[in-house]
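What follows is one structure encoded as structure tokens, with my remarks underneath.
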Amino acid sequence: MNEYIIPIKYAIIIFPLIAFLFTLPYIIHLYRKYGSISIFRSFIIYSFILYLITIYFLVILPLPKISEVAKYTTPYTQLIPFNFIIDLINNTSFVITDPNTYLKALKEPYLYTIIFNTFITVPLGIYLRYYFKCSFKKTLLLSFLLSLFFELTQLTGLYFIYPRPYRLFDVDDLIINTLGGILGYLITPIFSKILPSRDKIDKASFEKGKHVSYFRRLVAWGIDFIFVIISTVFLQFFINPRITDNLPVSMFLLTFILYFSLLEAITGGKTIGKAIVKIKVVDISFDKAKIYQYFLRYLLLYGVFAFPRIVFQLLSYSGVLGIFIAFSLGLIFIIYYCNLFFGVLLRKKVLLYEKLSKTTHISTVTIKDDKEETKEKIENNVEE
């Protein structure tokens, strides 16, 4: 039992790293396809990744020492189909004519291994039919290919890291693992009665994606932020190529305003980040916004960050008027960004700078393109 527990432990340990590398592309994919992130869908996908890592580690672990493997003299392959039946008879107390031996044989290690090799791919069949909507033939093929991949991993000595295979390439494992995938396919309807269908998950995701969430906007902004930094460096170099100090804050603010407003004015509301997650900025009437609206939007969003610096400069001058103006600007800055902060916290659909510029975000995700709709209509007419 310990030989199974150790690979599972390693799979659980390595899973967070794999999940971290997978997350950003996965988020972008969901936003582009559905416009939203479904928690239930994410649970299915991440559990599927954990499952694949686990069965892979079960195949390759524990790893022996290379020097020990070099001394092995055991066979590389077992190419006789259904040889496990003969081994079952020879290596266990199982006697087909004696029912009293059935229960005893179930407790013996050899039969336990056969059962384990069958059930290791049962979840694969369930995932393929339930979520990925694979047909029987496709499930059969994919189950076989995954099993073949595992067997070739063993035959090549973990991709030639070892001088020879440290585990047996067994054609029976191909058969048993493939049967496990088919068994998973056949029992999937049991789970389908309990869990929502893939179509229902997709429909709920599309409905949710009609509203552009703040996290979706944040992902777009994060992508744009990378391009803003690059643009700032080039802009500063163009203005003053001899500069060696850190880039001034004013240059960042200027680049932010120009990057977002100019790009959106040219593309009709899209930046690089927004195009990737399929959102755009439009007028509150959902028509294309005017050029001045884009500049006003980002001047209100980023330009006010210049207020603190202006306040400090005004405070450096003597006089009641300077102090009064500085205090007023500082108060405006605090109230303005408190409004934005609580607006995001309360998940208001339209924030203050959007109200003042009369702009908003919309999703550009479409469920089906014209070609798919036309094809569907033709198929429906043929059926009728």
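Checking the range 210-229 against the condition returns no match, with no residue being assigned by TED's automatic domain parsing to the domain that holds SER38, in a helix (DSSP H, G or I) and among the basic types (Lys, Arg).
Among the numbered conditions (1) touching a residue at least 60 places away in the same chain (Cβ under 8 Å); (2) touching a Ser or Thr at 6+ places or on another chain (Cβ under 8 Å), tell me where VAL95 comes up short. Of everything listed in (1) touching a residue at least 60 places away in the same chain (Cβ under 8 Å); (2) touching a Ser or Thr at 6+ places or on another chain (Cβ under 8 Å), VAL95 misses just condition (1).
Among the numbered criteria (1) closer than 30 Å to GLU68 by Cβ; (2) loosely packed, with under 15 Cβ neighbours inside 10 Å; (3) at pLDDT 90 or above, which one does VAL171 miss? Going through the list (1) closer than 30 Å to GLU68 by Cβ; (2) loosely packed, with under 15 Cβ neighbours inside 10 Å; (3) at pLDDT 90 or above, VAL171 breaks only (2). Considering only residues in the range 21-63 that are aromatic (Phe, Trp, Tyr) and without any contact (Cβ under 8 Å) to a residue 40 or more places away in the chain, the one that is nearest to ARG198 (Cα to Cα) turns out to be PHE43.
Residue-by-condition table, conditions (1) out of contact with any strand residue (DSSP E or B) (no Cβ under 9 Å at 6 or more places or on another chain); (2) among the hydroxyl-bearing types (Ser, Thr, Tyr); (3) over 30 Å from LEU30 (Cβ atoms):
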position	(1), (2), (3)
GLY157	yes, no, yes
ARG164	yes, no, yes
ILE187	yes, no, no
ILE190	yes, no, no
ASP199	yes, no, no
PHE206	yes, no, no
LYS210	no, no, no
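Of the residues making up the range 64-86, those that are exposed (fewer than 11 other Cβ atoms within 10 Å of the Cβ) and either outside the structural domain of PHE15 (by TED's automatic domain parsing) or among the hydroxyl-bearing types (Ser, Thr, Tyr) (or both) are SER67, THR73, THR74. Here is the figure for the range 88-131: residues that are at pLDDT below 90 and in contact with a helix residue (DSSP H, G or I) (Cβ under 7 Å, 6 or more places away or on another chain) total 12. Scanning the range 135-185 for residues that are assigned to a helix (DSSP H, G or I), charged (D, E, K, R) and over 31 Å from the mean Cα position of the chain (by Cα), we see that the one that is farthest from PHE119 (Cα to Cα) is ASP172.
For the range 22-54, enumerate the residues that are aliphatic (A, V, I, L, M), under 26 Å from LYS9 (Cα atoms) and touching a Phe, Trp or Tyr at 6+ places or on another chain (Cβ under 8 Å).
Of the residues in the range 22-54, the ones aliphatic (A, V, I, L, M) are 24, 27-28, 30, 37, 39, 44-45, 49-50, 52-53.
Pick out the ones that are also under 26 Å from LYS9 (Cα atoms) and you get 24, 39, 44-45, 49-50, 52-53.
Across the range 22-54, the qualifying residues are ILE44, ILE45, ILE49, LEU50, ILE53.
Once the range 287-317 is narrowed to residues that are over 22 Å from PHE225 (Cβ atoms) and modelled with pLDDT under 90, the residue that is surrounded by the fewest Cβ atoms within 10 Å (Cβ to Cβ) is SER316.
If you check TYR127, TYR159 for being buried (at least 19 other Cβ atoms within 10 Å of the Cβ) and among the aromatic types (Phe, Trp, Tyr), only one passes: TYR127. When PHE234 is tested against (1) closer than 30 Å to ILE120 by Cβ; (2) of a type outside the set (Val, Ile, Thr); (3) over 31 Å from the mean Cα position of the chain (by Cα), exactly one condition is not met: (1).
Would you point out the residue of the range 24-63, among those that are of a type outside the set (A, V, I, L, M) and over 15 Å from the mean Cα position of the chain (by Cα), that is surrounded by the fewest Cβ atoms within 10 Å (Cβ to Cβ)? Quick ask: steps written out before the conclusion?
Keep residues of the range 24-63 that are of a type outside the set (A, V, I, L, M), which gives 25-26, 29, 31-36, 38, 40-43, 46-48, 51, 54, 56-57, 62.
Among the residues that remain, those that are also over 15 Å from the mean Cα position of the chain (by Cα) are: 51, 54, 56-57, 62.
Details: TYR51: 16, THR54: 21, TYR56: 17, PHE57: 19, PRO62: 11.
Ranking the candidates gives PRO62 first.
When SER143, SER197, SER192 are checked against the criterion of being farther than 30 Å from THR73 by Cα, of a type in the set (Gly, Ala, Ser), surrounded by fewer than 16 Cβ atoms within 10 Å (Cβ to Cβ) and in contact with a helix residue (DSSP H, G or I) (Cβ under 8 Å, 6 or more places away or on another chain), SER192 stands alone in meeting it.
Residues that are assigned to a loop (DSSP other than H, G, I, E, B) and closer than 19 Å to VAL365 by Cβ within the range 270-286 comprise LYS270, THR271, LYS278, PHE286, listed in sequence order.
The values are calculated or read from the model by the stated rules, or taken from the named source; none is laboratory data. Please read all numbers here as calculations on a predicted model, not as lab measurements. Neighbour counts are summed over all protein chains in view; Cβ atoms, including those assigned to glycine, are modelled from backbone coordinates with ideal geometry.
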